[in-house]
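So the structure is just underneath, and the comments pick up after that.
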Amino acid sequence: MKLTEVVITPIAMKDPPLRNIQGVHQPYALRSILQVHTDEGLTGLGETYGDLAILTALRGVGPRLAGLDPFDLNGLERIIRETLGSAAGLATHGLVGEASDEKTLATVLSAFEVACWDLQGKALGRPVVELLGGKVRDRVPYSGYLFFKPATHTPDPGYPADAWGEAMDAEGIVAQARRMVGSHGFKSLKLKGGVLPPQDEADVILALRDAFPDHPLRLDPNAGWTVASSVAVGKKLEGVLEYLEDPTAGIEGMAEVARQVSMPLATNMCVTAFSHLPPAVRVDAVQVVLSDHHFWGGLRRSRELAAICRTWGIGLSMHSNSHLGISLAAMTHLAGATPELTYDCDTHYPYLVEDVVQAGVLEFIDGAVAVPDGPGLGVELDLDSLGRLAEQYEKCGFDTRDDITPMLAVQPGWDPVTPRW
Ligand SMILES: [Mg+2]
């Protein structure tokens, strides 16, 4: 089997005004959808970031893959490495750590690698989870992801406001959590922090603890705090948090916090590439790494990360950006075959109101998604939806994720400086 043609479609999906340390989500989140065709009539699906820099890199690689066997993942990496050459690191939003050549390669590789896994599974009539060694769990648990948010975007994007309403204080977040748990059954909760002053966010966590006494809780201010603030919150939430995620910036800063608080520290910011692991292990900076196949280089490399975490006694969780069903399927197959993953995965999926995959496969029941059992990723493209979201991309006026500009519309003079507190 040989690859013949790669079709890369940028899409825009409606996204609620979710807040974070940098600002607020734009009214549309951008993704790139890959259709990788073969000479046997099969099509493999991939999904990754939609920022222009990524899209350009994907489009540079696509035509070079003609003739590649989709089972030849080492060959895929070789072609991508040669194509990207010494290109500078892709611009990336600051919530997933700094850009680097290593991450550029890993990000581009991942998008095509997942499509190749999908093709391998379709060719063999087997789900990807079986190609990764088989299921260690039938259903993958996800955490309910809570966000501070206003009710509407500013300015009005011209489509109806999302159903979640405003949540800018403890009462709003607890209501959001009740709705999240009520509709999807999540068994753990994560709050995106970095929006209110740290002690106020700690109080929101305590309110969640009162409302949900048995749910593991996480807080992630995206490195918005100083070491001193991180330690203060860490001490206040001792025995309350399952883990504290990226309270402060950098391996050294995290190590200093880790020495003074009792709960594990997690990261998807200071350890985001293999080269970050040795210095982080040396100073015991993080006790949990959030994997993310989109920027760790795909499913195979994510399993290498899992093995390293196992070796060094580091916990493994999973990170999420705004994503569609192709990514959720890939995350679920990967998690379904990864025994080291002992924390519920993150997902933005409950906020999604439109998808490019056909409905009916990916469903949250009791907070978990059943590993799809169809061939490959087990999801099929809805071509009408893909066309509609591609049109939305052309019309929306965005080509790169930017949380700062829309925040300036809400709050003139907004300064996204970190640490803020
Ligand atoms: Mg994070």
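Going Cα to Cα from residue 190, which lysines come in below 16 Å? Please leave out same-chain ones fewer than 8 positions away.
Once the sequence-local lysines are set aside, what remains near residue 190 is 149.
Say we join alpha carbon atoms closer than 10 Å with springs in a Gaussian network model of the chain; which of 248, 342, 104 then has the biggest fluctuation?
Between 248, 342, 104, it is 342 that shows the largest mean-square fluctuation.
Could you tell me how many degrees, from 0 to 90 and to the nearest 10, lie between the Cα long axis of helix 101-124 and the main elongation axis, the longest principal axis, of the Cα atoms of the chain?
Taking the Cα atoms of the chain, the angle to 101-124 is about 60 degrees.
In degrees, nearest 10, range 0 to 90: what is the angle between the Cα axis of helix 299-312 and the longest Cα principal axis of the chain?
Compared with the principal axis, the helix lies near 40 degrees.
Quick check on the stretch 158-245: take the gyration tensor over C-alpha atoms, sort the square-rooted eigenvalues as a ≥ b ≥ c, and tell me if it's rounded (a/c under 1.5), prolate or oblate.
Here the stretch 158-245 falls in the oblate category.
Can you give the FRET efficiency to the nearest 0.05 for residue 373 and residue 342, using r as the Cβ-Cβ distance and R₀ = 25 Å?
Computed FRET efficiency for residue 373 and residue 342 comes out at 0.60.
Please report the relative contact order for the chain, taking Cα pairs under 8 Å with a sequence separation of at least 6, and give it as a percent rounded to a whole number.
22 percent
With every protein chain left in place, what is the accessible area per residue of the chain in square angstrom, probe 1.4 Å?
Per-residue accessible area for the chain comes out at 37 Å².
Projecting each Cα onto the charge dipole of the chain (Lys/Arg +1, Asp/Glu -1 at the beta carbon, about the Cα centre), which of 191, 404, 337 comes out farthest on the positive side?
337
To the nearest 500 deg cm²/dmol, what mean residue ellipticity at 222 nm is calculated for the chain from DSSP H runs of n ≥ 4 alone, each contributing -39,500 (n - 2.57), summed and divided by the residues?
Rounded to the nearest 500, the figure is -11500 deg cm²/dmol.
Between rounded, prolate and oblate, where does the stretch 130-370 land on the alpha carbon gyration tensor, with a ≥ b ≥ c its root eigenvalues, rounded for a/c under 1.5, else prolate if a/b exceeds b/c?
Cα axes put the stretch 130-370 in the oblate bin.
Dipole magnitude of the stretch 130-370 about its Cα centre, charges +1 at Lys/Arg Cβ and -1 at Asp/Glu Cβ only, in debye to the nearest 20?
Around 660 debye, computed over the stretch 130-370.
Round to a whole number: what % of the accessible area of the chain belongs to carbon and sulfur, probe 1.4 Å?
52 percent
May I ask for the angle, rounded to the nearest 10°, between helix 52-61 and the longest principal axis of the chain, with both axes built from Cα atoms and the value confined to 0 to 90°?
Once rounded, the angle reads 30 degrees.
Note down the nm distance, to one decimal, between modelled labels 7 Å out along Cα→Cβ at residue 71 and at residue 259.
Taking the two extended label points, one gets 5.3 nm.
What are the ³J(HN,Hα) values, in whole Hz, obtained from phi via the Karplus relation 6.51 cos²θ - 1.76 cosθ + 1.60 with θ = phi - 60°, for each residue of the stretch 235-251 in sequence order, with x given for Gly and Pro?
With coefficients 6.51, -1.76 and 1.60, one gets 6, 5, 9, 4, x, 9, 8, 5, 7, 10, 9, 6, x, 9, 8, x, 5 Hz.
Calculate one ³J(HN,Hα) per residue across the stretch 319-329 by plugging θ = phi - 60° into the Karplus curve 6.51 cos²θ - 1.76 cosθ + 1.60, and present them in order as whole Hz with x for glycine and proline.
Ordered by residue, 3J(HN,Hα) equals 8, 9, 10, 3, 8, 10, x, 5, 5, 4, 5 Hz.
Figure the gain on full extension for residue 310 and residue 252 (residue separation times 0.36 nm, minus the Cα-Cα span) and round it to one decimal in nm.
Full-extension gain reported as 18.7 nm.
Which distance in nm do the two modelled labels at residue 40 and residue 199 give, with both placed 7 Å along the Cα-to-Cβ direction?
Here the modelled spin labels are 6.4 nm apart.
If you stretched the chain out fully between residue 394 and residue 235, how much longer would it get, using 0.36 nm times the residue separation minus the C-alpha to C-alpha distance?
That works out to 52.4 nm of additional length.
Under 28 Å between alpha carbons, and skipping anything fewer than 8 positions from residue 122 in its own chain: which lysines qualify?
The qualifying lysines are 2, 135.
Could you order 131, 324, 381 by accessible surface area, starting with the largest, using a probe radius of 1.4 Å?
131, 381, 324
The values are calculated or read from the model by the stated rules, or taken from the named source; none is laboratory data. From a predicted model like this one, the values you see are computed outputs, not experimental measurements. When we count neighbours, we look across all protein chains shown, and the Cβ atoms used for this are built from the backbone with ideal geometry, even at glycine. Ligands, DNA and RNA are excluded from the accessible area calculation, which covers all protein heavy atoms including side chains. Shrake-Rupley method; radii C 1.70, N 1.55, O 1.52, S 1.80 Å.
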